[in-house]
Every structure is written in structure tokens, then in C-alpha cells.
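Visitor: Got a structure for you, written out below as C-alpha cells; questions coming shortly.
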Amino acid sequence: MIVAKFGGTSLADAKQFKKVYDIVISNDERKFVVVSAPGKRFKEDNKITDLLYLTHAHTKYSVPYDPVFKIIEDRFLTIKYELNLSVDLKQEFDIIRENLDNKCDEDYIVSRGEYLSALLLADYLGCKFIDAKDIIFFNYDGSVNSEKTNLKIKEFTEDCDKIIIPGFYGSYPDGSIKTFSRGGSDITGAIVAGAVNAKMYENWTDVSGFLMADPRIVKNPKQIKRITYQELRELSYMGASVLHDEAIFPVREAGIPINIKNTNEPENPGTIIIGNDQIEESCENDYIITGIAGKKNFTIFYVHKEHMANEVGIIKRALEVFEDRGISIDHIPSGIDSFSIVLPTECVDKFSHEIVEELKLKCKADFVNVNNNLSLITTVGINMASRPGISAKVFSALGNNNINIRMIDQGSSEINIIVGVENKDFEIAIKAIYGAFVNC
């Protein structure tokens, strides 16, 4: 049994709907289909969800919403007529308009993109439509009521051939609509996959899985065939993600693989995401490393104090400076008489001078230096720990390109090596590391 989730670009217009139709009917094991709202058809186009957010903003500030809502209506009506479907969209639009006029909640209106998309696809495929509000349940604190959700999904999906479910939302105990964060259809699909104990969770998008590096930096990077959840978390944190982070956990706990696939190239095997315990059962990637990712614009606070190693609680006191401001720390590399605190520049840019003074005071530091132009690059691979010389290869690649390393951090799991370089060296550093492992 397979759960297939299709993203916004996969359902952007009637042409894309036809591709989804062909994919779903090509495999009888695809019993559950979760859909997003229609996305962009071209670069300058609008996502339906963005237009729905704008529509709600118009009603909130008593601005006429008709011009925006007309665009939404036309998108769905065009899909209906081009596919010759029978869904009564006029009735659906009338209900939505009535709710808009009655100042409905934002969560309700922005969920209508997935709702209407699922109605159309269910009609097109001749499948049963199940509203997500009837099977995905939230507690009032915003968390998912997993027990109730799993029981209801199993109840609703018994003895059904194929089922279409809108993603992105569910309901509170009082029946009102509650949405996930943006991209939350990934989470809906994962929850359904876990509840029905699927053998595979397919996530269909507009890319053929994960690449070993950012194609905007490295020309034609290799595709990642297999990646573990742990590796994915490391790369995703640095921005290399085509999957909502929270979508990992429901299927990871159930031991269900995720297959990232391309709706526009369904024959491409994509990338399989598996658990660490499943790595022996699958083919290894062709390279020692799995991938490289990075982000610009980090700040380092370098704190130095003689004989720091003999002092208890100094790092704790330093971290309190950031904790008091609600700021999360990314890395804390340390030495005998110094340590550094690394975090995104945007979190501290407005009051970095205040932080410096507080660090000096709380830590009784000899001096505190600040550098705002740091990029972090992570090289990830679950096989790296068993291969000698990986770190040397990374450092040599950077040294051969005259790139100065400002920070080094390697976790105890040895699944990744993080280096800090100047922002100006970011792109060339990624190219250098990629070339050292892939083009050797």
C-alpha cells in the first residue's frame, strides 16, 4: 500500500492534473492520495494559497476582496472545464464567499485551496473524497491528537479502493478548521501513511529528489539515490530540503520509507529516505559523502578568558545572555581559554553591541570579538565515520582554493563536518568540496 502526496506544482493546472491521473492509476497500490492547493504555473504566477491569504487580509481590513477571489475562481473553473468535471464549484464558491462576508477565520479560508483541489481530483479519478477535517484532529494547543486521528483514518479508509484527501489542515475539537504551517500537506501525507502502515510514502513535487549540492552553485550536481533520516535532518537544517521537516517524524517512527519523486519525470526513481537500520538493506550511494549544503550570514561571538578551563559555569552564563532574548544557538566550538557562539546574524544584528557588553560582564572575559560575515557549510555522509581522511580532504579542498577556515565543528556521530568560511568564499567553497569528492 502506497500513500502519494502531490504538491502544488503537480496540480497547478489541468495539464498537471492529467499527469497526476496517469501516475495514480499506473499503480493499484496507490490507495491514498493527499493533495496541495494549485501552485504556480509559471514564474510570475501566484500560488492559490497566497491568493487566499490575500483574500482574508482584504476582509480583515474591510477592503473589497472580489478582484482577488475572482482570480481564484477562474483558476479552479478553468481546471474543471478543461477536464470536463462535474463538481459544483459555484455552490462551493458561494459557501466560501458567505464565510468571508461573515469574517471567517484565516485558517478556514486558506485551507480552501486544498479542499477544492481534492474535490476536483476525486471527481477526475472517480475516487472517494474524504475531508481532512473529519480525519485529522488537533488539540487546542495546536498539537495533533495522534490517537484520535489514527483511529479515524483507519475507520474512514476501510474497504475503499482509492481515496483523495486534502492536505494542510484538520480540525479543532469544536470542528473549526486548523492548518499546519506552510507546506503542511507533507505532514498530512505522513500522518496518513503512518496510520495505514503504508509500505511507502511518495512525495511528488517538481524535482527528482535531492541533489548532492545546490544546482545554483554547482553545475549539474549528482542526484542522491538513498539518504537516511539523520542525514536529511543535517542537510535540511542548512536549507537543502524539498520536504517539510515535520513530515519526517510520523513515517520515521513507523519505519516507512519516503520516496521524493518528480511529477514531470515519473520514470525517474527520485530519492529514497530510509532509517539508519535500513541502510544495510539498500544500495549505497556512489560517493563517500551524501551531500553538501550551507547558509550565509552567521555571526560569531568569540569569548576569550585566560584559565577559562578551570572555571565552572562560564559557558552557561554566556548562554543566558541569549536565552534571556529568546535566541537559539547553532554551534559552540571551544578551546582551552576561549569559546565561540555561532548563530544567524538576523537574530542578533540589532543588538550585537549590547550582547558583547553583557558577555564581557557575565563572563568577566578578557575580550569579546564579533564577526558578522560567516557562512556555514556542512558535508554530510553516514559512511564518513568509517573512512579515514575525510576531514583532511575537506580542508585540503578549501586550502587549495585559498579559502580560510574560520570555524570547524564535527559532531560525535561523525555524520557531518561543518566549516565556517567568509561569506565571500561561500560559493567557491561548496564547489571545491563537491569537486574533491565527486570529481576525484
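Visitor: Once amide H atoms are placed 1.01 Å from N in the peptide plane, what residues at a sequence separation of 5 or more from R30, or on another chain, have their amide H within under 5 Å of its amide H?
Guide: Close amide H contacts, sequence-distant or interchain: I2.
Visitor: For K70 paired with N400, estimate the spin-label separation in nm (one decimal), with each label point 7 Å from Cα along the Cα-to-Cβ line.
Guide: 6.1 nm
Visitor: Okay, next question. Enter the Cα centre distance for the pair the range 338-356 and the range 95-137, rounded to the nearest angstrom.
Guide: 44 Å
Visitor: Report the charge-dipole magnitude of the chain in Debye, nearest 20, computed about the Cα centre from +1 at each Lys and Arg Cβ and -1 at each Asp and Glu Cβ.
Guide: It comes to approximately 860 debye.
Visitor: Then there's this: Residues of the range 154-173 with backbone nitrogen within less than 17 Å of a virtual label 7 Å along the Cα-to-Cβ line of E253, please, listed as ranges.
Guide: 154
Visitor: Quick one: Karplus J couplings for the range 53-58, per residue in order, coefficients 6.51, -1.76, 1.60, θ = phi - 60°, nearest Hz, x for Gly and Pro?
Guide: 4, 5, 4, 5, 4, 4
Visitor: I'd like to know which of T179, I408, I272 lies farthest towards the positive end of the charge dipole of the chain, counting +1 on Cβ of Lys and Arg and -1 on Cβ of Asp and Glu.
Guide: The Cα lying farthest towards the positive end belongs to I408.
Visitor: Assuming R0 = 51 Å, what is the FRET efficiency of E346 and R97, from their Cβ-Cβ distance, to the nearest 0.05?
Guide: 0.85
Visitor: Per DSSP H run of n ≥ 4, the term is -39500 (n - 2.57); total these for the chain, divide by its residue number, and report the mean residue ellipticity at 222 nm rounded to 500 deg cm²/dmol.
Guide: Rounded to the nearest 500, it is -11000 deg cm²/dmol.
Visitor: Any idea how far apart I217 and I329 come out in nm if each label point goes 7 Å out from Cα toward Cβ?
Guide: Each label point lies 7 Å from its Cα, and together they span 2.5 nm.
Visitor: Could I ask something else about it? Could you give me the ³J(HN,Hα) list for the range 29-44, computed from phi with Karplus coefficients 6.51, -1.76, 1.60 and θ = phi - 60°, whole Hz, x at Gly and Pro?
Guide: Coupling constants for the range 29-44: 6, 7, 8, 10, 10, 10, 10, 9, 6, x, x, 6, 8, 7, 4, 8 Hz.
Visitor: While we're on this one: Pull out a ≥ b ≥ c, the square roots of the eigenvalues of the alpha-carbon gyration tensor of the chain, then state rounded if a/c is under 1.5, prolate if not and a/b is larger than b/c, and oblate in the remaining case.
Guide: Prolate.
Visitor: List the lysines whose alpha-carbon lies under 26 Å from that of K219, not counting same-chain residues fewer than 8 positions away?
Guide: Leaving aside lysines fewer than 8 places away in the same chain, those within reach of K219 are K40, K43, K261, K295, K296, K393, K424, K431.
Visitor: About its Cα centre, what dipole magnitude does the range 291-438 give when the only charges are +1 on Lys and Arg Cβ and -1 on Asp and Glu Cβ, stated in debye to the nearest 20?
Guide: Dipole of the range 291-438, to the nearest 20 debye: 380 debye.
Visitor: Could you tell me what percent of the DSSP beta bridges with both partners in the chain are antiparallel, to the nearest 5?
Guide: Of the beta bridges lying entirely in the chain, close to 60 percent run antiparallel.
Visitor: Karplus couplings for the range 110-118 from phi (6.51 cos²θ - 1.76 cosθ + 1.60, θ = phi - 60°), rounded to Hz, Gly and Pro as x?
Guide: 6, 7, 6, x, 5, 4, 5, 4, 5
Read-outs throughout are calculated quantities, based only on the coordinates presented, and are distinct from any laboratory measurement. The shown structure was predicted, so the numbers you read here are calculated from the model rather than taken from an experiment. Here the Cβ is made from the backbone with ideal geometry for all residues, glycine too, and neighbour counts use every protein chain on show.
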